[in-house]
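Step one of this worksheet: look at the structure below.
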Amino acid sequence: MALQENALISVEEVFNYLRLATPETTDPQYQLIEALINRASDECERFINGPIINKTVTEDLDGTGTDTKVLTYRPIQSITSVLVDGIDWSANVGFYPHGVIFTKNGASFPEKRQIINVTYVAGYGETKDTIPQGIKQAALLIVQFWFKRDSLDYSQTFGESDIITGETAGVNRFPYTALRMLDSYRKVVI
């Protein structure tokens with residue numbers, strides 16, 4: 001197994017955090033940490049409702065007769081292209097990082113289903129090294145918690161019994177501190 005493209009931390013970072021020597025890549029513990037990193041990275045993206053490491057996305061949107069449209073993912077890093085009914089509007093469309101595109105020339109997007117095709121880059125950084133520290137730390141805490149919880153030497157020391165969030169929080173088996181770190185990046189989808 002290898003780390004996915006959207007992996008938020010490295011295997012070495014986890015072993016350093018655990019204060020353990022990094023084993024060989026063939027070691028079962030190394031492979032377990034890789035799997036936990038991949039899962040934690042996916043869960044972090046699912047929790048915040050969007051990509052963390054920059055990703056190119058293409059969306060088809062309905063025209064509503066207004067000069068703005070809300071995109072699904074944010075923050076927007078760049079707009080690659082905007083096609084309206086097959087015509088390139090890219091030069092006349094700007095964006096706000098919080099997920100809104102707008103026409104620069106005051107024109108409105110025509111009212112029609114699936115008329116707007118937008119390709120854009122969304123996320124918090126180009127690589128795991130450029131994403132916000134809060135997201136990296138949350139992923140690290142999640143992996144560390146899962147690793148400890150699933151190992152035989154897990155203990156109920158001070159505070160550890162109170163850090164697990166249950167199904168009521170919408171996320172199973174996440175440390176509360178990690179959820180708080182990720183919460184400021186979360187986009188509520190209505």
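The values are calculated or read from the model by the stated rules, or taken from the named source; none is laboratory data. Being a predicted model, the structure only gives us computed values, none of them experimental. Positions of Cβ are backbone-derived with ideal geometry, glycine not excepted, and every protein chain shown enters the neighbour counts. Accessible surface areas use protein heavy atoms only, side chains included; no ligands, DNA or RNA. Shrake-Rupley method; radii C 1.70, N 1.55, O 1.52, S 1.80 Å.
General observations
- Here's how it looks for residue 93: its modeled amide H is under 5 Å from those of 104, which are all 5 or more places away or on a different chain.
- Sulfur and carbon atoms: percent of accessible area, the chain [1.4 Å]: 51 percent
- Summed side-chain charge close to residue 102 - residues other than residue 102 whose Cβ falls under 15 Å, Lys, Arg +1, Asp, Glu -1: +2
- Nearest-20 debye value, the chain charge dipole, Cβ charges on Lys, Arg, Asp, Glu: 460 debye
- Debye-sum result for the range 55-122 in log10 I(q)/I(0), which assumes one identical scatterer on each alpha carbon, at q = 0.15, 0.16, 0.18 Å⁻¹: -0.38, -0.43, -0.55
- In the chain, excluding the sites themselves, the longest stretch lacking any of the GluC sites (Glu not before Pro) that are in a DSSP loop with at most 16 other Cβ atoms within 10 Å is 25-110.
- Contact order for the chain, expressed relative to its length and based on alpha carbon pairs under 8 Å spaced 6+ residues apart, stands at 25 percent.
- Where trypsin sites (Lys or Arg not before Pro) in DSSP loops with at most 15 other Cβ within 10 Å are excluded, longest remaining stretch of the chain: 20-103
- With one equal scatterer per alpha carbon and no solvent term, the Debye-computed log10 I(q)/I(0) for the chain at 0.12, 0.14 1/Å reads -0.67, -0.82.
- Selection from 107, 70, 84 lying farthest towards where the dipole of the range 55-122 points positive, charges on Cβ: 70
- Over the chain, accessible surface divided per residue gives 55 Å², non-protein components excluded, 1.4 Å probe.
- Highest GNM mean-square fluctuation among 105, 38, 54, for the chain modelled with Cα contacts below 10 Å: 105.
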